[in-house]
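Asker: First the structure, then my questions, so here it is.
Please treat every number below as a calculation from the coordinates, not as lab data. Just so it is clear, the structure is predicted and the values come from calculations on it, not from any experiment. In this analysis, Cβ positions are derived from the backbone assuming ideal geometry, glycine residues included, and neighbour counts consider all displayed protein chains.
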Amino acid sequence: RGRARGVSEMIDGGAPRALVLGLNPALQRTLVLATALHVGSVHRANSVDERFGGKGQGVAAAIACLEPERPPTVVQLLGRDPSRAGERVEEFLREERIDMITGWFDGATRTCITIVSAPNLTTEMIEPSVDVPDEVVDDLLARTADALSTHAALVIAGTAPPGAEDFYSRLLAILVAREAAPSSSPHAAFSTPLVVLDGYKGIHPLLTTGRIDVLKINRAELLELAGAGSASGPAGAETPPAGEQGADAAADEAARRLLCPLGDVAELGGLGQTRRAHASAAGGTRPVDG
């Protein structure tokens, strides 16, 4: 409740809405085919679209559309090489009026290729991310920590590239230490942002900090996290019952299995019902991401 009040005061005072961690951006290229995609054949695209990619960058773009007067700041790692993919990502973000805190390194920025083919099918081809040098990660972490006090919310979106895997946990440790600072500390008046986690891979260390206010995952991600109905889940995990009602019950049970060990949880029911309500409100039954 106190954090929500602090966030409200910051927004009313004109503070930027969100600091978005999108450490693993990409240059996104979309090719549209008029025909079906056949492996081993030559295809000619009808059209090609190029823009920025990455979960954090997409979140920042959505926020910028909703709050054009208070654009978000995206934190990212970009590579410099002859392809200029990193520079183009930055140019596309600037066109959306998104502020940036960028760590530059010598190397390639990954390119993601989306192929849209008949009948309305999508195929993704994603390049691997390269290793980011320690000194680049450390410098970006310091600049991001400095920016925490001037943003109303912190959004952790997606994965981190090799070399920056512990970036999120290190930043949260800094945040927790500042919030626990004694009254004589320079950080005593530190404004505490709302922390949103939009991801599910390797997030258990982040959840155990007790500093995640909102966990945004969809049902499939929840089941995988809790080991229900996933080949990667722990031994003995139950397969979700068939049918919509059974799947909703499995999602509720998965939430309890995942979150109850982290602390006192009064009520975690209704995840499946909430998902269905959002789908109904959207005019269909397609699963809602989140």
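Asker: Does THR159 satisfy the criteria of being touching a Leu at 6+ places or on another chain (Cβ under 7 Å), of a type outside the set (A, V, I, L, M, F, W, C) and either in contact (Cβ under 8 Å) with a residue 12 or more places away in the chain or under 23 Å from VAL59 (Cα atoms) (or both)?
Answerer: So THR159 fails the test.
Asker: Would you be able to tell me the number of residues in region 73-121 that are surrounded by fewer than 16 Cβ atoms within 10 Å (Cβ to Cβ), on the phi < 0 side of the Ramachandran plot and among the basic types (Lys, Arg)?
Answerer: Total meeting the criteria: 2.
Asker: Determine whether region 144-159 contains at least one residue that is hydrophobic (A, V, I, L, M, F, W, C) and over 19 Å from the mean Cα position of the chain (by Cα).
Answerer: Within region 144-159, not a single residue is hydrophobic (A, V, I, L, M, F, W, C) and over 19 Å from the mean Cα position of the chain (by Cα).
Asker: Then there is this: I'd like to check which strands (runs of 3 or more DSSP E) are fully inside region 66-119 and have at least 3 residues that are free of Cβ contacts under 8 Å to residues at least 40 places away in the same chain.
Answerer: 99-106
Asker: Take ILE156 and decide whether it is farther than 28 Å from ASN46 by Cβ, among the β-branched types (Val, Ile, Thr) and buried (at least 17 other Cβ atoms within 10 Å of the Cβ).
Answerer: yes
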